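Below is one structure, written out as structure tokens, with a few remarks after it.
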Amino acid sequence: MNAPLETERLSLRPFGAEDADGWHAIWGDPDVIWWGANPSFDVSRERLERLIENEAGWPAGLGWLAVRLKGEDEIIGDILLQDGPFPPGIEIGWHFRKAWWGNGYATESARAVMKRAFEDGVHDRIYAMVALQNKPSLRVVERLGLVAEKDMEYAGLPHRLFALDRGEG
């Protein structure tokens, strides 16, 4: 599981069962999870509980982190490192509540998580799979220095696979 982490403006920590409201504010919002948000709080809570249970068996350094502004309790987003469906490597991803878009929080949190993953030797390569219609996330991967490797269909949508190797970027 990922350990807590701080950046200049953000505090990142593993999700707990008490975070169901914050999780649902992200995963229940069709503007954020446009490919499959579920408006049911119970569904969100169950998904979070499953995630927490599954993460217990993940290698150190992998997991989902709740993102908050330093000194605040409200969860504004999430950042993740997990085994990706495109080996060898781990996948990075992020989801932020719409009210917090455009502030650089995805880039700031992703940069910190990637830096720690490379420094801790979690893996030598980090991937991001971004839907081509997701222009904000395409800009985030560009700012992070990930390099486009190929276009492909994933989950029925056109995506671009990006990667960054340790020592690059």
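The values are calculated or read from the model by the stated rules, or taken from the named source; none is laboratory data. Predicted model only: the values in this text are computed from it and were never measured. Note that each Cβ is placed from the backbone with ideal geometry, even for glycine, and that neighbours are counted across all protein chains shown.
In the set (1) surrounded by 16 or more Cβ atoms within 10 Å (Cβ to Cβ); (2) modelled with pLDDT of 95 or more; (3) acidic (Asp, Glu), Glu74 fails one condition alone, (1).
Kindly indicate whether any position in segment 119-137 is over 13 Å from the mean Cα position of the chain (by Cα), under 26 Å from Trp58 (Cα atoms) and of a type in the set (Val, Ile, Thr). There is at least one residue in segment 119-137 that is over 13 Å from the mean Cα position of the chain (by Cα), under 26 Å from Trp58 (Cα atoms) and of a type in the set (Val, Ile, Thr). Within segment 38-55, not a single residue is of a type outside the set (Val, Ile, Thr), free of Cβ contacts under 8 Å to residues at least 24 places away in the same chain and either touching a Pro at 6+ places or on another chain (Cβ under 7 Å) or within 21 Å of Met114 (Cα to Cα) (or both).
Among the conditions (1) aliphatic (A, V, I, L, M); (2) outside any helix (DSSP H, G or I); (3) under 16 Å from the mean Cα position of the chain (by Cα), Ala148 misses just one, which is (3). For first residues located in segment 121-139 and under 19 Å from Gly156 (Cβ atoms), partners that are among the hydroxyl-bearing types (Ser, Thr, Tyr) and lie 6+ apart or on another chain with Cβ distances below 7 Å form the pairs Met129/Tyr154; Val130/Ser137.
A Cβ distance below 7 Å, combined with a sequence gap of six or more or placement on separate chains, defines the contacts here; from segment 79-90, residues that are of a type in the set (Gly, Ala, Ser) reach residues that are in a loop (DSSP other than H, G, I, E, B) in the pairs Gly89/His123. Looking only at residues in segment 97-110 that are in a helix (DSSP H, G or I) and hydrophobic (A, V, I, L, M, F, W, C), the one that is farthest from Ile126 (Cα to Cα) is Ala99. Annotation note: of Ala3, Ala60, the sole residue that is in contact with a Lys or Arg (Cβ under 9 Å, 6 or more places away or on another chain), at pLDDT below 95 and of a type in the set (A, V, I, L, M, F, W, C) is Ala3. Pro136 meets each of the listed conditions (1) under 17 Å from Ile26 (Cβ atoms); (2) buried (at least 16 other Cβ atoms within 10 Å of the Cβ) apart from (2). Exactly one residue out of Phe86, Phe162 is over 26 Å from Gly28 (Cα atoms), surrounded by 14 or more Cβ atoms within 10 Å (Cβ to Cβ) and modelled with pLDDT of 95 or more: that is Phe162. Answer with yes or no whether Arg116 is in contact (Cβ under 8 Å) with a residue 24 or more places away in the chain, more than 14 Å from the chain's Cα centre (by Cα), more than 16 Å from Ala163 (Cβ to Cβ) and surrounded by 14 or more Cβ atoms within 10 Å (Cβ to Cβ). Judged against the criteria, Arg116 is a match.
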